[in-house]
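Enquirer: Here's a structure for you.
The values are calculated or read from the model by the stated rules, or taken from the named source; none is laboratory data. Everything numeric here is computed off the predicted structure, so don't read it as measured data. Please note: Cβ atoms are built from the backbone with ideal geometry, for glycine as well, and neighbour counts cover all protein chains shown. The area values use the complete protein model at the heavy-atom level, side chains included, leaving out ligands, DNA and RNA. Shrake-Rupley method; radii C 1.70, N 1.55, O 1.52, S 1.80 Å.
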Amino acid sequence: MVTAITSMGRSGLYDWMMQRVSAVIMLAYFIFVTCVLLGGVDYASWKELYSQTWMRIFSLLALLSMGLHAWVGLWAVFTDYLTERLMGTTGNVLRFAAQLASALVMFTYVVWGIQILWGY
Amino acid sequence: MLQVSIYRYNPETDAEPYMQDVQVDTGGKDLMVLDVLELIKSQDTSVTYRRSCREGVCGSDGINMNGKNGLACITPLSETVRNNKLVLRPLPGLPVVRDLVVDMSMFYTQYEKVQPYLQNDSPAPAIERLQSPEDREKLDGLYECILCACCSTSCPSFWWNPDRFIGPAGLLQAYRFLADSRDTATEERLAKLDDPFSVFRCHGIQNCVNVCPKGLNPTRAIGHIRNMLLSRAT
């Protein structure tokens, strides 16, 4: 058993499941928004769509999914390439910094997204 | 004449590894790569590699031939040589001891972790632990592994995390015992694998399936382990 405290759910199985679930949600959102755009939109209909609560919930769900998905994915990338085994202690410092930076970016996106969804 | 480029490194005399070009007269025959190595060694006895059975059973001569891992003894030149050129390198990702010989310690450490032996604390029957033909069939495609390390050393996840990711060979063996009806340590085995690295570092790119000289499918076994972990936890 290998321990890891920086992975999202601290369990490989949980991370794996969240990666799949979030991917399905993002795919559904992407297909939906693409269909809406292909159907033709103007400012009024777009604003009308995003003023409905279900659309805001769906959008927030997609946004949170993106955050989770990116966290799991980037965590795997960072723990592949920025490691103590490859770079010594520098690897640990770099990896922690990279994880912190990506967490901050995702947090910012989520809060900013909420502001956009409910702010207009 | 076959143009062979072979990886050379003797840590006692060489500052760093280099590629040596050798011309080999194959006599127009479709030899196995191991035969070519033997011909090279007859000219230069310092060329070092592992070999034993020369028929794909012992798993000693796993090397990288023109970029693809495989057993030198059962890989015919016609299968690997392109434009009359053959590049021979040691298995990637493991420390090189000398020339084509790699240090397999990390590979064996991961193999050891999955406790590759039958565990059953109930008193052993007088003759043997019986198994139905159906249960025995579940082990087909799992028990045939010869531990040549071609799969694990072709896996990028194993290159980056050989200390934490079990690797395709080890996981195939892990599933071999998880699937065995006579083994009673299933729960303990699964508990040891349920972390973000041991199993879940596999991203399913199937390099292991692509190179296995015995035609086994570690990716499928890893999928079975994941499903067992999933049904245990939900």
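Enquirer: Within the stretch B:158-181, is even one residue in contact with a helix residue (DSSP H, G or I) (Cβ under 8 Å, 6 or more places away or on another chain), at pLDDT 95 or above and among the basic types (K, R)?
Expert: Within the stretch B:158-181 (the criterion being in contact with a helix residue (DSSP H, G or I) (Cβ under 8 Å, 6 or more places away or on another chain), at pLDDT 95 or above and among the basic types (K, R)), the answer is yes, since at least one residue qualifies.
Enquirer: Let me ask something else. Kindly indicate the residue of the stretch B:138-155 that is assigned to a loop (DSSP other than H, G, I, E, B) and among the small types (G, A, S) and also surrounded by the most Cβ atoms within 10 Å (Cβ to Cβ) among those meeting that condition.
Expert: Only one residue tops the list, namely B:A149.
Enquirer: From the list B:D140, B:D183, B:D163, B:D121, which one is charged (D, E, K, R) and under 24 Å from A:E84 (Cα atoms)?
Expert: None of the other options fit; the residue is B:D163.
Enquirer: Can I ask one more? Mind telling me which of the residues B:N210, B:N227 ends up being of a type outside the set (K, R), at pLDDT 95 or above and under 17 Å from the mean Cα position of the chain (by Cα)?
Expert: That would be B:N210, the only listed residue that is of a type outside the set (K, R), at pLDDT 95 or above and under 17 Å from the mean Cα position of the chain (by Cα).
Enquirer: Please go through the stretch B:177-212 and pick out each residue that is open to solvent by less than 40 Å² (accessible area, probe 1.4 Å), under 26 Å from B:T153 (Cα atoms) and in a loop (DSSP other than H, G, I, E, B).
Expert: B:A179, B:D194, B:D195, B:P196, B:F197, B:S198, B:V199, B:F200, B:R201, B:C202, B:G204, B:C212
Enquirer: Scan the stretch B:156-175 residue by residue and report those that are within 14 Å of chain A (Cβ to nearest Cβ) and open to solvent by less than 20 Å² (accessible area, probe 1.4 Å).
Expert: Within the stretch B:156-175, B:S157, B:F158, B:N161, B:P162, B:F165, B:I166, B:G167, B:G170, B:L171, B:A174 qualify.
Enquirer: While we're looking at this one, here's another question. Out of the stretch B:45-89, which residues are acidic (D, E), assigned to a loop (DSSP other than H, G, I, E, B) and open to solvent by 50 Å² or more (accessible area, probe 1.4 Å)?
Expert: B:E55
Enquirer: Which residues, counting only those in the stretch B:213-230, are within 11 Å of chain A (Cβ to nearest Cβ) and open to solvent by 40 Å² or more (accessible area, probe 1.4 Å)?
Expert: Listed by number, the residues that qualify are B:R226, B:N227, B:M228, B:L230.
Enquirer: Could you please find all residues in the stretch B:117-136 being open to solvent by less than 70 Å² (accessible area, probe 1.4 Å) and among the basic types (K, R)?
Expert: Result: B:R129, single match.
Enquirer: Of everything in the stretch A:1-31, what is more than 14 Å from chain B (Cβ to nearest Cβ) and surrounded by fewer than 14 Cβ atoms within 10 Å (Cβ to Cβ)? Give them in sequence order.
Expert: Correct list: A:V24, A:L27, A:F30, A:I31.
Enquirer: If B:E38 passes every condition in (1) assigned to a loop (DSSP other than H, G, I, E, B); (2) open to solvent by less than 90 Å² (accessible area, probe 1.4 Å) but one, which one does it miss?
Expert: (1)
Enquirer: What's the number of the only condition in (1) under 25 Å from B:C208 (Cα atoms); (2) out of contact with any Asp or Glu (no Cβ under 9 Å at 6 or more places or on another chain) that B:I6 fails to meet?
Expert: If we test B:I6 against (1) under 25 Å from B:C208 (Cα atoms); (2) out of contact with any Asp or Glu (no Cβ under 9 Å at 6 or more places or on another chain), just (2) comes out false.
Enquirer: Condition first: on the phi < 0 side of the Ramachandran plot and open to solvent by 60 Å² or more (accessible area, probe 1.4 Å). Now tell me which residues in the stretch B:18-35 satisfy that.
Expert: Within the stretch B:18-35, B:Y18, B:M19, B:D21, B:Q23, B:D25, B:K29, B:D30, B:M32, B:D35 meet the criteria.
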